[in-house]
Structure formats: structure tokens, C-alpha cells
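*Asks:* The structure is given below, and queries will be raised subsequently.
Here, each number is a calculation from the coordinates, and none is a lab measurement. Keep in mind that what you see is a predicted model, and the values were worked out from it rather than measured. When we count neighbours, we look across all protein chains shown, and the Cβ atoms used for this are built from the backbone with ideal geometry, even at glycine.
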Amino acid sequence: MRSMVYRGPYKVRVEEKDIPKIEHPNDAIVRVTSAAICGSDLHLYHGMMPDTRVGTTFGHEFVGVVHEVGPSVENLAVGDRVMVPFNIYCGSCYFCSRGLYSNCHNVNPNATAVGGIYGYSHTCGGYDGGQAEFVRVPFADVGPSLIPDWMDEEDAVLLTDALATGYFGAQLGGIREGDTVVVFGSGPVGLFAAQSSWLMGAGRVIVVDHLDYRLEKARTFAHAETYNFAEYEDIVVEMKKTTDYLGADVAIDAAGAEASGSFLQNVSASQLKLQGGSPVALNWAIDSVRKAGTVSVVGAYGPIFSAVKFGDALNKGLTLRMNQCPVKRQWPRLFEHIRNGYLKPSDIITHRIPLEHVAEGYHMFSAKLDNCIKPLVIPSAS
């Protein structure tokens, strides 16, 4: 099969690999029909995630058709159209039984730090991802769901991470009716977090970024107020000014490890790898929210130290809530919102890239070329 393969920082290419085999009776093999490049895939591409090994196939957002099932699989059959959450989980451990699918204790030798994630380094279990013609899906009776007949495939692929994570970010904020919510980062997760904030009762939604084309999307897609932080000496002061000098009720960090805004933080994190990520957006969130407010973190960070303003959070009495999104837990409500017309996730897709051109796709997305917001990868498997 043809597959995207990591060859080192900023180096990916398409190579021939063996079609994955059933390794466990509850495995399935899925022929991928659509995948996506996620902003967090760029952390891998840039060499920021520990134990990202040469030869790994990325891709934790994908949908497809069941090609083969193991002998104990009961809920799927060959030919089924399925959407697969980015979490790999057993469904029965201490954490899964509490709906914390992203924290499963049985799918990753590094489980004390993180659960299993498709195509996201050996830190997250060492599973190959879906930017390929075929992918092995463990615990096939637990993770995948059938794509409803009424759902568009491009909407389904965004439900496997970006939409679910954005919705989860708003959910973690504990938004109350009339709250002011500020979202840092207007990539796909930030756009969905802003849109979801309205569904949860926000009275005002503000999005902060420095890329004008993304801020335009935040205005037209998420109907948010926007601020370009590059136009202000101190974006935190502007957030205070626009909220009667109190601060927002809820701040959502949807930018994560490679947030722009501080040369020192970016060099120490992205270049020197001295931090698990540049915590610029998270520190802005801590400083922009009011006392006793809530900071939600769904932007991805690596597992090592980051220079976060924990003292400020403590002294302001903030509530900090964060996790990798337990995707499947969000689906029933999101299915309802999509079917009722409140959400149309595929509206953020800007590019559809053949698998053979995935290297160009990564470069375009990384370099923010051609107003790229969300690129899909289309395998050529038949």
C-alpha cells in the first residue's frame, strides 16, 4: 500500500509499506477513504514530540471502509463505512469505564502520561496512523462507529478529532449563559471551540490570532469578535480593556505547543526543544481571564516541562481544566447538532490533497501558505 512516512523533522514522503495485518482477534483493517492533517501533526513534523521514529505513518483523523475484521469482532462487518476516533482505547479499564477514553491504561506502555493515539509517536503507543491506504484499528468493537447514512464523509472525518476537541474545549470551560469567552488560536480546533461556545450559552466570543485569513474565518464561520495580537503592544491589556478591566469569564487555549507571540518561548521550545511547547497562548489565557475564572486547555503540548505562569493562576483562584478529548463521548450531541443544521464542520476544509502529494501538503500547512486552514488527504486505494 502507499503510505505517508516520516523521515525526520520537516521530511515526509510517500512510500510503499505492507498492508497491515490482523494482530489481535479484536482488530479491524480499514481502507482509508479520507484523512486529515491536524495542526498537532505539525508538532511531529517539526520534530517536537519525543520518540517520533523514522518510518512512522502519521494521521489520527480518518474515515474509511472496513476491509477485514478479526475473529472476535462483533459490531463491524466488511464493507461498513466507519469513522474512527483518534483515541485508541480498550473500553473496560478504570479510566474507560469513566468515559475517559483518552486516558486508557491498556493501550500504551507510557500510559501513566498519555493514552494511545493513532500516528502520534511511540510516546503515544507507537501505532501507525491513517494517512495511508490502509490502517489497523485495535479494539474495533469499541472505538469505530458506523457513519450515519445522512452524514457527509467530510463532516465525519472532522468529527474524529477537530470538531470533537473544539467542542470539548468549550465544555471544559463550564460556560454559563452570558459568559465572555476568549479563544486563543483560530486553527480548526479554535474555530470549533468558538462556534461551540455559542451553543453552550456564551454571550460574547472573542478569537485571538495573528493570521488575518484565519481571523476572517473566525468572523464568518464562528461569528466571533477578532483581535490580531500582532497589532497590539500587549494583547492581555487589550483583553482587559474590552472586558471592563475584569477579564473574560473563560479562556480557551486552542493553540498549544507552537503558539506565536514570544521569540524567547518559540526558540526555547521549537528550536532548542527545552520545553514541551511554547506556552505563550496558555500564559495569555491565564492573564486574560478574570479572577476565579476558568482556563480550558485543548491545544497539544509535549510531555516535558513548559514555563507556565502557575503562580498567577494560583493567586487569581483560577480553575484549570485540560485533557486530550475523549472523542466518542462527544459524538451523540455533535451528531444531533450536525443533523439539525447547527454545525457544518466541513465548511472549514480548504484543501483536498492526493496522498501522493502529502509532502507538499505538510509544507503548505506548516508554512501557512495559500490560506490553508484544514487540509484533507485523499488516498488512492480502490
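*Asks:* So if I place +1 on the C-beta of Lys and Arg and -1 on the C-beta of Asp and Glu, and nothing else carries charge, what would the dipole magnitude of the chain be about its Cα centre? I want it in debye, nearest 20. Walk me through the numbers on the way to the answer.
*Replies:* Working: 32 positive and 41 negative charges, 135 e Å.
Roughly 640 debye, rounded to the nearest 20.
*Asks:* Same structure again: Please report, in Å, the Rg and the Dmax of region 70-158, where both are computed over Cα atoms only.
*Replies:* 13.4, 39
*Asks:* To continue, here is another question. Residues with amide H under 5 Å of residue 183's amide H, sequence separation 5 or more or different chain, H placed in the peptide plane at 1.01 Å from N; which?
*Replies:* Amide H to amide H, under 5 Å and 5 or more residues apart or across chains, residue 183 pairs with 206, 207, 208, 252.
*Asks:* If you don't mind, another one. Mind ranking 315-323, 89-97 by how tightly packed they are, going by the mean number of other C-beta atoms within 10 angstrom, highest first? Walk me through the numbers on the way to the answer.
*Replies:* Working: 315-323: 15.4, 89-97: 17.3.
Descending packing order for the listed peptides: 89-97, 315-323.
*Asks:* Still on this structure, I have one more. Residue by residue, what Karplus-based ³J(HN,Hα) values in Hz, rounded to whole numbers, does region 115-127 have, using 6.51, -1.76 and 1.60 with θ = phi - 60° and x for Gly and Pro?
*Replies:* Per-residue couplings from phi come out as x, x, 9, 4, x, 10, 6, 6, 4, 9, x, x, 8 Hz.
*Asks:* Per the helix-only calculation at 222 nm, which mean residue ellipticity applies to the chain, given -39500 (n - 2.57) for every DSSP H run of n ≥ 4 and division by its residues, nearest 500 deg cm²/dmol?
*Replies:* Values: 11 runs with 94 residues, N = 382.
After summing the helix terms and dividing by the residues of the chain, the value is -7000 deg cm²/dmol.
*Asks:* Moving to a separate point now. For region 141-148, take each phi angle, set θ = phi - 60°, evaluate the Karplus expression 6.51 cos²θ - 1.76 cosθ + 1.60, and give the result in whole Hz per residue in order, putting x for glycine and proline.
*Replies:* Working through the residues one at a time gives 7, 10, x, x, 10, 5, 6, x Hz.
*Asks:* Determine, for each peptide in 145-158, 124-137, 23-36, 339-352, the mean count of other beta carbons within 10 angstrom over its residues, then list the peptides with the highest first. Walk me through the numbers before you get to the answer.
*Replies:* Values: 145-158: 18.4, 124-137: 24.9, 23-36: 21.0, 339-352: 15.7.
Packing proxy ranking, top to bottom: 124-137, 23-36, 145-158, 339-352.
*Asks:* List, in the order given, every pair from 11/328; 316/374; 217/240; 11/309 whose Cα-Cα distance in the structure shown is over 29 Å. Write out the running numbers ahead of the final one.
*Replies:* Working: 11/328 32 Å; 316/374 36 Å; 217/240 24 Å; 11/309 34 Å.
Over 29 Å apart, Cα to Cα: 11/328; 316/374; 11/309.
*Asks:* Follow-up. Want the number for residue 220 to residue 291: 0.36 nm per residue separation, take away the alpha-carbon distance, what's left?
*Replies:* Numbers: separation 71, 0.36 × 71 = 25.56 nm, distance 3.08 nm.
This chain segment gains 22.5 nm when fully extended.
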